[in-house]
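Trainee: Take a look at this one; I'll ask things after.
The values are calculated or read from the model by the stated rules, or taken from the named source; none is laboratory data. All values derive from a computational prediction rather than experimental measurement. Note that each Cβ is placed from the backbone with ideal geometry, even for glycine, and that neighbours are counted across all protein chains shown.
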Amino acid sequence: MPVVEEDRAVQGADAVVDGYGVRRDSLIHVLQDVQQEFGYLPRASVRRVSERLRVPLAEVLRVATFYSAFSLEPQGEHLICVCMGTACHVRGAPRIVSAIRRHLRLKDGRRTTEDMKFTVKAVRCLGCCALAPVITIGQDVHGQLTPDRIARVLRNYE
Amino acid sequence: MAIATSPRIESRQALRELADALKCRAGSKPVVSVCRGTGCTASGSGRTYEALRQAAAELGMHEQVEILGTGCHGLCELGPLVVIRPRGVFYHRVKPEDAREILDKTVGSGELIERLLYKVDGDAIVHEHDIPFYKKQMRIALRLNGLMDPMSIDDYVREGGYQSLAKVLLDYAPEQVIQEISASGLRGRGGGGFPTGRKWASCRKAHGDVKYVLCNGDEGDPGAFMDRSIMEANPHGVLEGMIIGSYAIGAGHGVIYVRHEYPLAVRTLRRAIEQAREVGLLGEDILGSGHCFDIAIARGGGAFVCGESTALMASVEGRVGEPRAKHIHTVESGLWGKPSCLNNVETWANIPVIIERGADWFASIGTEKSKGTKVFSLVGKVKNTGLVEVPMGITLREIIYGIGGGILGDKAFKAVQTGGPSGGCIPAQYLDMPVDFDELTKVGSMMGSGGMIVMDEDSCMVDVARYFLDFLRGESCGKCTPCREGNQRMYEILDRICEGRGAEDDLQLLADIADTVRTTSLCQLGKTAPNPVLSTLGYFRDEYLAHIRDKRCPAGVCRALIRFTIAPDVCTCCGRCARECPVQCIAGKTGKAPAKARKDARTGKKKGRVGEPFRIDQDRCVKCGTCLDVCPAGAVRRA
């Protein structure tokens, strides 16, 4: 998803904060809804949330970097989450990550493709352990994966 | 269409009458139950469900048969699963194309479809209850999973839901409820195993008018998905348990904390809460008893540490999930500083059944100190992966072989990992041990939330220990030094060992750091972090020594310690490995494989260049394994 311009980032944040009634304890939910809407947390949104909820910016950033649900950088159109849970690990998840990165030609630790189409993230257990190894692409769950099936699966999103 | 739309259920009588009316309406209509849990959905059960509905309409059968989408049936490996009730015919790997035939043959004329039946050693097993995976289970927390639509309060009421709540609110004093739960022997199912009745009693006694009841739906242990299935399949079971608990403790507010990775569970629970409110089972004066209680949902942000009670509560309050030292327990001062009773999803799901069938019944199941059943997620290198609920005291062998069907590919069993990152690996010599809280602790592991990951001869135990430390160093909140620094250092040592750079005194160093982390960490994440290392070091020391002394990984997992070679007689000279190799260390000549060229020459086919089998330069190989992954002929060998 593309970089969000400042006005939209601020307005979006305002709408979410108002929806929860400007409550300090809604911070995590507010950030989740902003993340959901924009695909990441634009800096302008983070500043606005800090102002509206009267929480220091450092504290908001602390929360945003503590929890893995949040990204402070724009992510690709399709977010590929590779489950690194124990069952998936034992059934070959590390090779799945390598295969996906190879297919997308991601080098040097980059997680997002140049054309911003895909971001690859290793995530904690998704709870689909019986179908290990598992990846999700957006809301779609793909289980019982093998490295040779990666190309076919990703083609549906290209 | 629901019978129970807007009218409040004002009394126990009204609840009973509604249940009777719903049972009557359902009658003996056959039900085609399609699992729409996350596992089967990933295998395509959504399309199967739609195909069945469409076929029912096309065949004019939609009045005579119900197509029901349910929560997780448990045997995820074989999904999409379809069970035709009341007969109980079990079909597996059902595709949309099978829909019409199922309705026409099995529902219409009772005829079975051979290819969809589950087989053991060639023999077909027709009925769900005869399948070994299910036969040996005792389903209490999972009892309603395949029987109802999770989005329907009607279905829950029809199956007897909320009758226990009525019994409690109208027949019991709060202290009696606590006595009943204490007498049942129920212990927390989230990992702590703390006696539930005792926790409730402490919270009831605590000072303050405002109290909270919380549900821990964080389920952070990798490899565990029991709570997910309960929340997705039977949300009202959790709600009913919490309302009963709130009455016993004297709480007016509840929170269900659901981890960020479970959006379907959030949706299902939200719907259930709305429905319960609509009919007055949440809110003011529930069932005319005077008790008032409501529930909110809090979503996690993605942090394993938020499964810890004080971190969870901090997260609900909108703060980072940093635990605090528990000199004062959360039953005295928890959420917003008020007395709070936090229990796991599975614990709450057991409550209505204990009230319905009695403490004595529950206490008759299980072992002396571990009563009732436990839901396990049986996963890893086992044939039948899925959710299993069994009485405490069953042996590991019965679970892994009797229910799980044994090891995938009939390979050798090596270990079973229980208790998540707080647990340990249990080797083959303990396969006949009974499974309960105390027995698992005795062998250096623990029950944990119920993850049971089976490992075979191809799993490296040093790699498993490294895996868990990698997980824990990332999930450590960072507040206390022993956990933050200790887990990082233990990881570094294990990583060195897996990379072939380990030294003999690394093992003593690991043990020393483990001891410090265990005794001085602030919370259970840190305190139990050394368990995977200590248990693998205890049972698989030889494997560690092979990595250190011989620079060898016996299981063939640690990349740096294995050699990749190409079998020249299998290589087809396609050159794909050389093209994909990230360091271009593979050389050869594309063309016809020499053996094929010789054969062709004999039959007169001379066309085409002859290739040369490809070879890996061992000095430059970085052991990434790409060649192994891409070779279409299986010519790459790993030693």
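Trainee: What are the residues in the stretch B:465-485 that are within 9 Å of another protein chain (Cβ to nearest Cβ) and of a type in the set (Ser, Thr, Tyr), if any?
Mentor: B:Tyr467
Trainee: Can you tell me which residues in the stretch B:87-112 are under 13 Å from B:His127 (Cα atoms) and within 31 Å of the chain's Cα centre (by Cα)?
Mentor: B:Arg87, B:Gly88, B:Val89, B:Phe90, B:Tyr91, B:His92
Trainee: Another one. For the stretch B:77-177, which strands (runs of 3 or more DSSP E) that fit wholly inside it have 1 or more residues that are free of Cβ contacts under 8 Å to residues at least 12 places away in the same chain and closer than 30 Å to B:Gly393 by Cβ?
Mentor: Qualifying strands (runs of 3 or more DSSP E): B:123-125.
Trainee: Mind telling me which of the residues A:Val30, A:Val22, A:Val17, A:Val49 ends up being in contact with a helix residue (DSSP H, G or I) (Cβ under 7 Å, 6 or more places away or on another chain), assigned to a loop (DSSP other than H, G, I, E, B) and more than 30 Å from B:Phe468 (Cα to Cα)? Explain how you work it out, then say what you get.
Mentor: Values: A:Val30 fails: assigned to a loop (DSSP other than H, G, I, E, B); A:Val17 fails: assigned to a loop (DSSP other than H, G, I, E, B); A:Val49 fails: assigned to a loop (DSSP other than H, G, I, E, B).
Result: A:Val22 is the single residue among A:Val30, A:Val22, A:Val17, A:Val49 that is in contact with a helix residue (DSSP H, G or I) (Cβ under 7 Å, 6 or more places away or on another chain), assigned to a loop (DSSP other than H, G, I, E, B) and more than 30 Å from B:Phe468 (Cα to Cα).
Trainee: OK, next. For the stretch A:126-143, what are the residues that are touching a helix residue (DSSP H, G or I) at 6+ places or on another chain (Cβ under 7 Å) and at the interface with another protein chain (Cβ under 8 Å from one of its Cβ atoms)? Spell out how you get there, then give the answer.
Mentor: First pass over the stretch A:126-143, keeping only residues touching a helix residue (DSSP H, G or I) at 6+ places or on another chain (Cβ under 7 Å): A:127-135, A:141-143.
Selection gives A:Gly127, A:Cys128, A:Cys129, A:Ala130, A:Leu131, A:Ala132, A:Val134, A:Val141, A:His142, A:Gly143.
Trainee: Quick one: how many residues across the stretch B:66-111 are of a type outside the set (S, T, N, Q), surrounded by fewer than 18 Cβ atoms within 10 Å (Cβ to Cβ) and farther than 14 Å from B:Ser43 by Cβ?
Mentor: 13
Trainee: Here is a further query. If you go through the stretch B:428-450 one residue at a time, how many are among the β-branched types (Val, Ile, Thr) and over 21 Å from B:Glu219 (Cα atoms)?
Mentor: Kept after step one, since they are among the β-branched types (Val, Ile, Thr), are these residues of the stretch B:428-450: B:435, B:441, B:443.
Checking which are over 21 Å from B:Glu219 (Cα atoms) leaves us with B:443.
Number of matching residues: 1.
Trainee: Quick check on my filter: what residues within the stretch B:23-55 are more than 14 Å from chain A (Cβ to nearest Cβ), more than 23 Å from B:Glu159 (Cβ to Cβ) and in contact with an Asp or Glu (Cβ under 9 Å, 6 or more places away or on another chain)? Before the answer, list the steps.
Mentor: The first filter runs over the stretch B:23-55 and keeps only residues more than 14 Å from chain A (Cβ to nearest Cβ), leaving B:23-34, B:48-55.
Next, only the ones that are more than 23 Å from B:Glu159 (Cβ to Cβ) stay: B:48, B:50-51, B:54-55.
Once the filter is applied, which keeps residues that are more than 14 Å from chain A (Cβ to nearest Cβ), more than 23 Å from B:Glu159 (Cβ to Cβ) and in contact with an Asp or Glu (Cβ under 9 Å, 6 or more places away or on another chain), the stretch B:23-55 yields B:Thr48, B:Ala51, B:Ala55.
Trainee: Kindly provide the set of residues from the stretch B:193-229 that are assigned to a helix (DSSP H, G or I), basic (Lys, Arg) and over 28 Å from B:Met452 (Cβ atoms), ordered by number. Reasoning before the result, please.
Mentor: Residues of the stretch B:193-229 that are assigned to a helix (DSSP H, G or I), as a first pass: B:196-205, B:226-229.
Right, trim to basic (Lys, Arg) and you get B:198-199, B:204-205, B:228.
Once the filter is applied, which keeps residues that are assigned to a helix (DSSP H, G or I), basic (Lys, Arg) and over 28 Å from B:Met452 (Cβ atoms), the stretch B:193-229 yields B:Arg204, B:Lys205.
Trainee: Where in the stretch B:230-349 are the helices (runs of 4 or more DSSP H), entirely inside, with at least 1 residues that are within 13 Å of another protein chain (Cβ to nearest Cβ), surrounded by fewer than 20 Cβ atoms within 10 Å (Cβ to Cβ) and touching a residue at least 40 places away in the same chain (Cβ under 8 Å)?
Mentor: B:263-278
Trainee: Grab the strands (runs of 3 or more DSSP E) fully contained in the stretch B:586-639, keeping just those with 1 or more residues being more than 30 Å from A:Ala93 (Cα to Cα). Spell out the reasoning first.
Mentor: Numbers: elements: B:586-589, B:612-616, B:636-638.
It comes to B:586-589, B:612-616.
Trainee: Scan the stretch A:40-69 residue by residue and report those that are of a type in the set (Lys, Arg) and within 13 Å of another protein chain (Cβ to nearest Cβ).
Mentor: Of all residues in the stretch A:40-69, those of a type in the set (Lys, Arg) come to A:43, A:47-48, A:52, A:54, A:62.
Scanning the stretch A:40-69 gives A:Arg54, A:Arg62.
Trainee: For the structure I just gave you, tell me whether A:Leu72 is over 22 Å from A:Cys128 (Cα atoms) and within 13 Å of another protein chain (Cβ to nearest Cβ).
Mentor: No, not satisfied.
Trainee: Within 14 Å of chain A (Cβ to nearest Cβ), loosely packed, with under 13 Cβ neighbours inside 10 Å and either touching a residue at least 24 places away in the same chain (Cβ under 8 Å) or closer than 30 Å to B:Met455 by Cα (or both) - does that describe any residue in the stretch B:576-588? Spell out the reasoning first.
Mentor: So the first thing to find is which residues in the stretch B:576-588 are within 14 Å of chain A (Cβ to nearest Cβ), and the list is B:576-577, B:579-583.
Subsequent filtering for residues that are loosely packed, with under 13 Cβ neighbours inside 10 Å retains B:579, B:582-583.
Within this subset, residues satisfying the condition of being either touching a residue at least 24 places away in the same chain (Cβ under 8 Å) or closer than 30 Å to B:Met455 by Cα (or both) are B:582-583.
Among the residues of the stretch B:576-588, at least one is within 14 Å of chain A (Cβ to nearest Cβ), loosely packed, with under 13 Cβ neighbours inside 10 Å and either touching a residue at least 24 places away in the same chain (Cβ under 8 Å) or closer than 30 Å to B:Met455 by Cα (or both), which makes the answer yes.
Trainee: Could you check the stretch B:374-391 and list, in sequence order, the residues that are surrounded by fewer than 24 Cβ atoms within 10 Å (Cβ to Cβ) and either part of a strand (DSSP E or B) or touching a strand residue (DSSP E or B) at 6+ places or on another chain (Cβ under 6 Å) (or both)?
Mentor: B:Glu389, B:Val390, B:Pro391
Trainee: Hey, does the stretch B:181-198 have a residue that's basic (Lys, Arg) and either within 21 Å of B:Asn234 (Cα to Cα) or touching a strand residue (DSSP E or B) at 6+ places or on another chain (Cβ under 6 Å) (or both)?
Mentor: Scanning the stretch B:181-198 turns up at least one residue that is basic (Lys, Arg) and either within 21 Å of B:Asn234 (Cα to Cα) or touching a strand residue (DSSP E or B) at 6+ places or on another chain (Cβ under 6 Å) (or both).
Trainee: Given the options B:Gly46, B:Gly60, name the one that is without any contact (Cβ under 8 Å) to a residue 24 or more places away in the chain and in contact with a Gly (Cβ under 9 Å, 6 or more places away or on another chain).
Mentor: Details: B:Gly60 fails: in contact with a Gly (Cβ under 9 Å, 6 or more places away or on another chain).
Just a single option satisfies the conditions, and that option is B:Gly46.
Trainee: Mind listing whichever residues of the stretch B:539-569 are crowded, with 20+ Cβ neighbours inside 10 Å and assigned to a strand (DSSP E or B)?
Mentor: Once the filter is applied, which keeps residues that are crowded, with 20+ Cβ neighbours inside 10 Å and assigned to a strand (DSSP E or B), the stretch B:539-569 yields B:Phe564, B:Ile566.
Trainee: Looking at the structure I just gave you, is B:Ala19 within 33 Å of the chain's Cα centre (by Cα) and not assigned by TED's automatic domain parsing to the domain that holds B:Ala233? Let's see the steps before the verdict.
Mentor: Working: within 33 Å of the chain's Cα centre (by Cα): yes; not assigned by TED's automatic domain parsing to the domain that holds B:Ala233: yes.
Criteria met by B:Ala19.
Trainee: From B:Ala428, B:Ala503, B:Ala415, B:Ala465, grab the single residue that is without any contact (Cβ under 8 Å) to a residue 40 or more places away in the chain, at negative phi and not charged (D, E, K, R). Lay out the reasoning, then the answer.
Mentor: On the way: B:Ala503 fails: without any contact (Cβ under 8 Å) to a residue 40 or more places away in the chain; B:Ala415 fails: without any contact (Cβ under 8 Å) to a residue 40 or more places away in the chain; B:Ala465 fails: without any contact (Cβ under 8 Å) to a residue 40 or more places away in the chain.
Going through B:Ala428, B:Ala503, B:Ala415, B:Ala465 in turn, just one is without any contact (Cβ under 8 Å) to a residue 40 or more places away in the chain, at negative phi and not charged (D, E, K, R): B:Ala428.
Trainee: Of the numbered conditions (1) under 17 Å from the mean Cα position of the chain (by Cα); (2) part of a helix (DSSP H, G or I); (3) surrounded by fewer than 22 Cβ atoms within 10 Å (Cβ to Cβ); (4) within 13 Å of chain B (Cβ to nearest Cβ), A:Glu37 satisfies every one except a single condition; which is it?
Mentor: Against the list (1) under 17 Å from the mean Cα position of the chain (by Cα); (2) part of a helix (DSSP H, G or I); (3) surrounded by fewer than 22 Cβ atoms within 10 Å (Cβ to Cβ); (4) within 13 Å of chain B (Cβ to nearest Cβ), A:Glu37 comes up short only on (4).
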